[in-house]
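Everything below concerns the one structure shown next.
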Amino acid sequence: MTMRIDHKYILEMIKPDSRVLDLGCGDGELLSLLMKQKNCHASGIEIDEKAIYKCVERGVSVSHGDIDSSLADYSDKRFDYVVLNESLQEVLDPEKVIAEALRVGKKVIVGIPNFCNLNARLQIFFLGRVPVTQGLPYKWYNTPNLRFLSIKDFRDFCAERSITIERECAIAGQQEVPFARNLFSEIAIFLISRSSK
Amino acid sequence: MSDPQFVETQYFTFGQAPNELVLKSGVKLGPVTLAYETYGQLNADKSNAILIFHALTGDAHAAGCHKDTKNTGWWNPMIGLGKAFDTNKYFIICVNCLGGCKGSTGPSSVNPATGKPYGLSFPVITIEDMVVSQKYLIDHLGIKKLLAASGGSMGGLMALEWSVRFPDTLQSAILIATNYKHTAQQIALHEVARQAIMSDPNWNKGDYYGKELPAQGMAVSRMIGHITYMSEKSMEEKFGRKLQGKEKVGYDFSHDFEVENYLKYRGASFVQRFDANSYLYLSKALDYFDLSEDTDLAGAFKGVKTKFLIITFTSDWLYPSYQSKDIVKAMKTNNVDVSFIEIDTNYGHDSFLVEIEGQSKLVSHFLNNVK
């Protein structure tokens, strides 16, 4: 099975032997890769009962729960990395979740769908409807996404809170987008940290 | 054949004077006999042993068909060839707990000092005492480290206690529908059940052996128990307002509803298979248990290396999920490796006995990954 492109870039960002918490870990695919390829101590939080069975099958340690309330269980800087991939846009309070993730993790990896890519912009402009794209396949009435943001929005969010973006990786299809990222990329992955006060 | 065929109960006795079992209360008890059954084969390096703990009114007969009684074990769908606890791979041990009435030493056993059943002269026992007594058996079997310990309800408490008391002897634990201390509501429900037994004149301060049994008290205590083991929804689905053997209600105090008849039947059959004093002692042991009594809960898991799987059920109002979530949180504070799942089901506390499909997947996969 070929590795998902976002997983490939996240794997590159994580050093071997790290402690990793994946928030919204789904069926545990990324955590399983981290255990096998990077010898990481990996665990996850997941809300979907069916996905938990798959995690246990993969030997991934997982807790059934929602991201918004689960981070309180962990002490400061418990993890080398906290991953929020394709899950930030679904949490109730993203601002608090990021702050909490930066508390329990030394570094945080955030993967977001870019709601302002060219395809989406064209659909809004020419069709006059909320865009439905490959990366955002939902209609307004059945989307699990509660938040809609772009790469620029996330950069602004970090700048306003003195959060350092250590790496930013924008992806379209199977490739990294080298320029005009906010226009061309479908997803973006950020490695962020907060310098200790 | 997919089940262990014709299993038999074995007995292990220890604690002869002067080496009696010292209970948590400081009282010495001996000799102590434990009834146990095993399924599967212990491998050469004795590394495939799994200890199963039963619930309040369970016994050592967890799986297979019993040689004498022809009864099927209480967790038979979970234990056997190709099942979650696969007897192809694992050596499964299930022990009737101390204080029980199914072959292990308890209040209905004969006190060798008097030649009469202990009755209320049996010392009060705790979950800790039950676990310590089972450690004697595991040592006797020459097993240095258990691959896993597992149980639901009271069995979960014992698995939990084992993990903190003998952390180096346990690789993994599967705790199902359990908690770490009883709440006021749980104690209250037990107390009503105990009062039902003790207010039956036949109970006679625990001295009823060879005489009329406190059948009415036992029946009422079991009725209360059964209500707490089900959920509102499962009772509604099973019984609703269906009438028992009649077209319309009788406007008298005979049984109108099916649910009344069901409880009456369950209550009546209970007195045949369980000892009233054992019920008092074991329910009290449950109420006394509190893993956080000497320290905060997180402190209890310091240095614990056991890998945990904790399972709860959405409709279990007797041992609600939040209690297990507190355990998960305390474990995480100590970097203990834990997985937690709340299975969506209507079967209430009884789910651990009947919700087999989900549990089987979880248990078999979890055990595959214990190294």
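Taking 4 °C and 1.567 mPa s as conditions, segment B:186-284 diffuses translationally at an estimated 89 µm²/s according to Stokes-Einstein applied to its Kirkwood radius (Cα pairs).
Other residues within the sphere of radius under 15 Å centred on the Cβ of B:ARG241, judged by their own Cβ, net out at -2 (K and R +1, D and E -1).
Between beta-carbons, use under 14 Å as the cut-off and find the net charge around B:TYR180, counting Lys and Arg +1, Asp and Glu -1. Counting the neighbours of B:TYR180, the net charge comes to -4. Normalised by 2.2 N^0.38 Å, where N is the number of residues, the alpha-carbon radius of gyration of segment A:84-197 equals 1.09. In the elastic network of chain B, a GNM with C-alpha springs shorter than 10 Å, the most mobile of B:PHE53, B:PHE14, B:PHE257 is B:PHE257. Spin-label pair B:ILE224-A:GLN37: with each label point 7 Å from Cα along the Cα-Cβ axis, the two points sit 5.9 nm from one another. With a Förster radius of 41 Å applied to the beta-carbon distance between B:LYS144 and B:VAL354, the computed FRET efficiency rounds to 0.75. Between the listed residues B:GLY267, B:ASN204, B:LEU147, the Cα displaced farthest toward the positive end of the dipole of the protein assembly as shown, a dipole computed from Cβ unit charges relative to the Cα centre, is found at B:LEU147.
In this rough spin-label picture, where each label sits 7 Å from Cα along the Cβ direction, the B:GLU260-B:ASP296 distance is 5.2 nm. With the convex hull constructed from alpha-carbon coordinates only, chain A shows a mean projected area of 11.4 nm² over all directions. Close amide-amide hydrogen proximity is noted between A:ILE187 and A:ASN114, A:ILE171, each under 5 Å apart and 5 or more residues distant or on a separate chain (H modeled in the peptide plane; Pro and chain starts excluded). Under a Gaussian network description of chain B, with springs only between Cα atoms under 10 Å, the residue in B:ALA177, B:ALA149, B:ALA17 that fluctuates furthest is B:ALA17. Counts of other chain beta carbons within 10 angstrom of each beta carbon in peptide B:306-315 average 1. Between amide H atoms placed 1.01 Å from N, distances below 5 Å from B:PHE340 occur with A:VAL62, A:SER63, A:HIS64, B:ILE310, all of them 5 or more places distant or on a separate chain. Given springs between every Cα pair under 10 Å in a Gaussian network model of chain B, which of B:LEU280, B:LEU29, B:LEU157 has the largest fluctuation? For chain B, modelled as a Gaussian network with Cα springs under 10 Å, the answer is B:LEU29.
Past the 17 angstrom mark, what percentage of all C-alpha to C-alpha distances in segment A:132-197 do you count? Beyond 17 Å sits 50 percent of the P(r) for segment A:132-197.
In chain B, Cα pairs under 8 Å separated by at least six residues give a relative contact order of 17 percent.
Placing R0 at 51 angstrom, the Cβ-Cβ distance between A:ILE47 and B:GLN41 gives a FRET efficiency of 0.80 after rounding to 0.05. The value obtained for segment B:47-150, namely the Cα convex hull volume divided by the number of residues, is 122 Å³ per residue. Of interest is the spacing of the C-alpha centroids, which for segment B:130-148 and segment A:35-58 amounts to 31 Å.
All other residues with a Cβ under 12 Å from the Cβ of B:GLY348 taken together, and with Lys, Arg as +1 and Asp, Glu as -1, what is their net charge? Local net charge: -4.
Once Rh is set to the Kirkwood radius over Cα pairs, what Stokes-Einstein translational diffusion coefficient, in µm²/s, holds for chain B at a temperature of 10 °C and a viscosity of 1.306 mPa s? Reported coefficient: 75 µm²/s.
Basic side chains Lys and Arg get +1 at the Cβ, acidic Asp and Glu get -1 at the Cβ, and with that the dipole of segment B:186-284 about its Cα centre reaches some 160 debye. Residue by residue along A:46-54, Cβ atoms of other protein chains within 10 Å of the local Cβ number 3 on average. Multiplying the residue separation of B:GLN10 and B:GLN185 by 0.36 nm and removing their Cα-Cα distance gives an extension gain of 59.3 nm. For segment B:202-255 and segment A:112-134, what is the separation of their Cα centres, given in Å? Segment B:202-255 and segment A:112-134 have Cα centres separated by 63 Å. Within 10 Å of the Cβ of each residue in A:60-66, the mean number of Cβ atoms contributed by other protein chains is 6. Volume of the convex hull of the protein assembly as shown (Cα atoms only), normalised per residue: 201 Å³. Each residue of segment B:249-348 gets 162 Å³ once the volume of the Cα convex hull is shared out per residue. Structural descriptor for segment B:186-284: relative contact order 32 percent, calculated from alpha carbon pairs under 8 angstrom and at least 6 residues apart.
Any read-out appearing in this document is the output of simple, stated calculations on the displayed coordinates, not a laboratory observation. Please read these numbers as outputs of a predicted model, since none were measured by experiment. As a convention, Cβ positions derive from the backbone with ideal geometry for all residues, glycine included, and neighbour counts pool all protein chains shown.
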